[in-house]
Amino acid sequence: MFKKIIFSLLVICAGNSFAQEDSHEKPFYKKRRPGIMRFYTLNAPTETSAEKFDRFNTSFHFDSWLGDVNSVKTKFYSIGHGINVMFDIPFSKTSRFGIGIGFGYTHYSIRHDGTLNVQSSASPEEQKFTKLEVQTVEDRWINRTAFNNIEIPFEFRIRSQKERPKFKFYPGFKVGYTVGKFHKWKVGYQKYVNYNFLDVNPLHYGPTIRLGMNNIMLFGYYDLAMLLENENSSKLNVFSVGISIGWF
């Protein structure tokens, strides 16, 4: 009888020990396996590897412009989006500091009540320039100006060592090139698209910031380059504020 009781106690203790062992979360280097998309690594991390974060992120942001807006108002649903694939490079395995650099694409979409009018200067060369003005001729129920940029983002990354919640502060900078642009509007059932932006500056650059906890961060960007490059055109700078989501 005594032997049966001892045997039962041993079985219970062994079961509890296995249960406790299984309940412990595995270190990240044991959980993660190679995979370009899901884990974004070609080699499985080891015990000496630094944990990586925010290597693929998307953003959704309110877009508008500052400068010579000439009373043109931006709609609150002026929403653009972006995608970044970045290399996360911690300074060491235990460091709270690092950098991030990669490639990105951003669609800037500004919905407003204005129009971009192409005009000619009085000079003999008849130089063309663009003015942003309030649109009063037509009843436009869709009216937006959009730009598609390919970009190179860079960030200085600061984050807490604590796993959850993990505080993140990413000041940075990005350089972009405009590969597509259009102004689209609708009057009744008729749709119009204008691709003829004569003096849009294709090169854009400016500071960025991401600040948040875990995978959700606030996002901001201000374009230091003028949207229109002719000296007689409206002086406009694009800015964005929104949310950035880091997937892995």
Pop the C-beta distance of residue 103 and residue 166 into the FRET formula with R0 = 30 Å and round what comes out to the nearest 0.05.
-> 0.75
Hey, with R₀ at 41 Å, roughly what FRET efficiency would residue 92 and residue 175 work out to, going by the Cβ-Cβ distance, to 0.05?
-> 0.90
Local charge sum around residue 69 (other residues, Cβ-Cβ under 14 Å, Lys/Arg +1, Asp/Glu -1)?
-> +1
Between residue 192 and residue 248, take the C-beta separation as r, use R0 = 41 Å, and let me know the FRET efficiency to the nearest 0.05.
-> 0.50
Among the listed pairs 75/166; 75/162; 75/235; 52/181, give every one whose C-alpha distance is greater than 28 Å.
-> 75/166; 75/162; 52/181
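Every number in this text was worked out from the coordinates using simple rules, so none of it is lab data. Here the structure is a predicted model, which is why all the values come from computation and not from measurement. Every residue, glycine among them, receives a Cβ derived from its backbone with ideal geometry; neighbour counts consider all protein chains shown.
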